[in-house]
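S.K.: This is the structure I want to talk about, given as structure tokens.
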Ligand SMILES: *Cc1c(COP(=O)(O)O)cnc(C)c1O
């Protein structure tokens, strides 16, 4: 028998890293010494005090049952406390915070609560693939907002055709940005809020990298601005801040009505986050901060080794102020997939081709700073020798 996939599934864009993944597996099997700068996944371990809290909480039978859909109240209070300390934004733990099984889960489910067939979902291009994927899975129309270097990788709302603006139900944004490493300021967010009010568009700002910034730069929250909470929500993650990507915990916060819609979708899909992980999450958000400072210093060192190295071989890499990515224009040619293949074949280096993040990502390659600086230096040496 043969069963056809749904139209929805057929409409999903192809997974553009498949080719690189296959080549990577093959190279590993051959025993080659790969330097993997491809995936945006922290290489550092979760801090010890968080792991200890998990193991303690895992032993308590009270934590073995279904968790509350909306997250345990202490976690929501810990998130509210963190938000107040970090951004000076007050959130009501009862209605303005919703814990998630990783922020990707909430991003993927959000359009199901708001998008009808024919509605547009505005998504940055290049961008984190789930924005576009979730639009398609909810039978919406995804519309690319190009992030161009001449606009500092911020979308230009004037370029969105009026008829699309009018049907834009939802806009995804993400600063500090993956993959471009761009950052946004107050002036930009004011334009965003303006747009939201004018076209009745929900703003979903993904702030997964809010804590990964360098040289004293501190990204702001979209919710710091007046009116923001009327128009949207902000996604946060423990994955990058606390090296907890495998644990699956994050949250969405802001507009209570929007959160209630996401919560209704979720109540039909999942049954909460393992309570022991929520308790460990509280330990992360209320615990010592030194590890974050150390982590920033470490990524900054890696960033400097990579950027100085690429500059020394004549590549044009601008120095990121935030995220653990370098978004680098291709030094030769314009086909990022072929270039990534070349890096893998000639240098045993894995990097993410820009086209994998959308068609406006073409012409770039993304390096993730998720290996020790000695390995980054080695990667630069290999490029110098072989390309
Ligand atoms: C890593 C990342 C996330 C985090 O996802 P989780 O599901 O919380 O692990 C969210 N958004 C972007 C843009 C990311 O790069």
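Please treat every number below as a calculation from the coordinates, not as lab data. These numbers come from a predicted model, not from an experiment. Every residue, glycine among them, receives a Cβ derived from its backbone with ideal geometry; neighbour counts consider all protein chains shown.
S.K.: Provide the gained length on full extension for the span residue 85 to residue 11, in nm with one decimal, where the gain is 0.36 nm per separating residue minus the Cα-Cα distance.
M.R.: 22.4 nm
S.K.: Now for a different question. For the chain, set up a GNM with springs between Cα atoms under 10 Å and report which of 228, 196, 18 has the largest fluctuation.
M.R.: 18
S.K.: Report the extension gain between residue 308 and residue 197 in nm, rounded to one decimal, defined as 0.36 nm multiplied by the number of residues separating them, less their alpha carbon distance.
M.R.: Residue separation times 0.36 nm, minus the Cα-Cα distance, leaves 35.6 nm.
S.K.: From the mean inverse distance of alpha carbon pairs (Kirkwood) and the Cα radius of gyration, derive Rg over Rh for the chain.
M.R.: 0.96
S.K.: Additional query: Hey, rough spin-label estimate for residue 60 and residue 21, points 7 angstrom out along Cα→Cβ, what's it come to in nanometres?
M.R.: So the two model labels end up 3.7 nm from each other.
S.K.: By average Cβ neighbour count within 10 Å, what is the ranking of 141-147, 371-377 from highest down?
M.R.: 141-147, 371-377
S.K.: By per-residue mean of other Cβ atoms within 10 Å, what is the highest-first order of 198-204, 350-356, 156-162?
M.R.: Highest mean packing first, the order is 350-356, 198-204, 156-162.
S.K.: Which distance in nm do the two modelled labels at residue 341 and residue 186 give, with both placed 7 Å along the Cα-to-Cβ direction?
M.R.: According to this spin-label approximation, the distance is 4.9 nm.
S.K.: I'd like to compare 321-334, 214-227: which one has the highest average count of other Cβ atoms within 10 Å, and what's the full order after that?
M.R.: 321-334, 214-227
S.K.: In percent, how large is the relative contact order of the chain, given Cα pairs closer than 8 Å and 6 or more residues apart?
M.R.: About 24 percent, as a whole number.
S.K.: How many angstrom separate the Cα center of the stretch 273-293 from the Cα center of the stretch 67-84?
M.R.: Cα centroid of the stretch 273-293 versus Cα centroid of the stretch 67-84: 11 Å apart.
S.K.: Evaluated at 10 °C with a viscosity of 1.306 mPa s, what Stokes-Einstein diffusion coefficient in µm²/s does the stretch 201-290 have when Rh comes from the Kirkwood expression over alpha-carbon pairs?
M.R.: This corresponds to a translational diffusion coefficient of 108 µm²/s.
S.K.: Using helices alone, what [θ] at 222 nm do you get for the chain, with -39,500 (n - 2.57) per DSSP H run of 4 or more residues, divided over all residues and rounded to the nearest 500?
M.R.: -12500 deg cm²/dmol
S.K.: Okay, moving on. In nm, to one decimal, how far is the residue 298 label point from the residue 32 one, both placed 7 Å along Cα→Cβ?
M.R.: Computed distance between label sites residue 298 and residue 32 equals 2.8 nm.
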